[in-house]
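Asker: The structure follows.
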Amino acid sequence: MSALQILIHYRVGLLNGLTVTVKLCLIVWITGLILGAALGYAGARWKVFGLFSRSTAMTLAGVPVLVTLFWLHYPVQQVLGVVIDPFVTASVALSLINVFAVSEIVREALVEFPVQYVLAARSCGMAPRDIARQIQLPIVFRQTLPTVLLLQVNMLQATLFASLISVNE
């Protein structure tokens, strides 16, 4: 069988897997970026949020994604006596991992932001909102973009495991 024949023969399964991957990626990326940025900002501003997000991010980063998906899909559901759709389980697991990873990236960039820029902007008479929008946001965005993009590619790769579970059940 040629590669084209294989693609034609298994097109239904491949399209189902691709559909699950795209849906899962959109959920994980949108939740992770929005909630992660908000939690990262809160973590940089208030120490309580910072300690919480940092410790949770370190814990989640220490456990492989496949193990987390397995625990949430089999043992946790067995202990709780519930059956949850694998797509929902994977969405929640990967979104949580993404939220806390993004929050740690954003929190660290905001904490390490050079104070000189803010002081210079204040001395020029800029309002705090303008300083955040015109100085801090572009610099933090430029600093965090490569790491966040790499993280999102890793989340795309992690959806492979979830796509296999969701398509096969």
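The values are calculated or read from the model by the stated rules, or taken from the named source; none is laboratory data. In this text the structure is predicted, and so the values were computed from the model without any measurement. For neighbour counting, all protein chains shown are included, and Cβ atoms are generated from backbone atoms with ideal geometry for every residue, glycine included. Please note that ligands, DNA and RNA were not included when accessible areas were found on the heavy atoms of the full protein model with its side chains. Shrake-Rupley method; radii C 1.70, N 1.55, O 1.52, S 1.80 Å.
Asker: Output the residue which, of all residues in segment 74-105 that are outside any helix (DSSP H, G or I) and among the aliphatic types (A, V, I, L, M), is nearest to Ile30 (Cα to Cα). Lay out the reasoning, then the answer.
Answerer: Kept after step one, since they are outside any helix (DSSP H, G or I), are these residues of segment 74-105: 74, 81-85.
From the residues that got through so far, the ones that are among the aliphatic types (A, V, I, L, M) too are 82-84.
On the way: Val82: 27, Val83: 26, Ile84: 22 Å.
Among them, the one singled out is Ile84.
Asker: Quick check on this structure: which one of Phe100, Phe113 is of a type in the set (A, V, I, L, M, F, W, C), touching a residue at least 24 places away in the same chain (Cβ under 8 Å) and closer than 17 Å to Leu151 by Cβ? Talk me through it step by step, then tell me what you get.
Answerer: On the way: Phe113 fails: closer than 17 Å to Leu151 by Cβ.
When all the criteria are applied, what remains is Phe100.
Asker: Answer yes or no: is there a residue in segment 82-92 that is surrounded by fewer than 12 Cβ atoms within 10 Å (Cβ to Cβ), within 17 Å of Thr159 (Cβ to Cβ) and at pLDDT below 90. Show your work before the answer.
Answerer: First, the residues of segment 82-92 that are surrounded by fewer than 12 Cβ atoms within 10 Å (Cβ to Cβ): 82-83, 85.
In the following step, the residues that additionally are within 17 Å of Thr159 (Cβ to Cβ) were identified as 85.
Checking which are at pLDDT below 90 leaves us with 85.
Yes, segment 82-92 has at least one match.
Asker: How about segment 21-49: which of its residues are over 17 Å from the mean Cα position of the chain (by Cα) and open to solvent by less than 50 Å² (accessible area, probe 1.4 Å)? Show your work before the answer.
Answerer: Initially, segment 21-49 is screened for residues over 17 Å from the mean Cα position of the chain (by Cα), giving 44-49.
The answer is Ala44, and nothing else.
Asker: If you don't mind, there's one more thing I want to ask. From the list Thr159, Thr59, Thr147, pick out the single residue that is out of contact with any His (no Cβ under 9 Å at 6 or more places or on another chain), hydroxyl-bearing (Ser, Thr, Tyr) and either part of a loop (DSSP other than H, G, I, E, B) or loosely packed, with under 13 Cβ neighbours inside 10 Å (or both).
Answerer: Values: Thr159 fails: either part of a loop (DSSP other than H, G, I, E, B) or loosely packed, with under 13 Cβ neighbours inside 10 Å (or both); Thr147 fails: either part of a loop (DSSP other than H, G, I, E, B) or loosely packed, with under 13 Cβ neighbours inside 10 Å (or both).
Within the list Thr159, Thr59, Thr147, the selection yields Thr59.
Asker: Return yes when Phe113 is among the aromatic types (Phe, Trp, Tyr) and over 19 Å from Gly50 (Cα atoms) and no when it is not.
Answerer: Working: among the aromatic types (Phe, Trp, Tyr): yes; over 19 Å from Gly50 (Cα atoms): no.
The answer is no for Phe113.
Asker: Still on this structure, please answer the following. Just one of the numbered conditions (1) open to solvent by 100 Å² or more (accessible area, probe 1.4 Å); (2) touching a residue at least 24 places away in the same chain (Cβ under 8 Å) is not true of Thr68; which one?
Answerer: Just one mismatch for Thr68, condition (1).
Asker: May I pose another question? Can you find a residue that is at pLDDT 90 or above and either within 21 Å of Ser53 (Cα to Cα) or among the acidic types (Asp, Glu) (or both) anywhere in segment 72-81?
Answerer: No - not one qualifying residue is present in segment 72-81.
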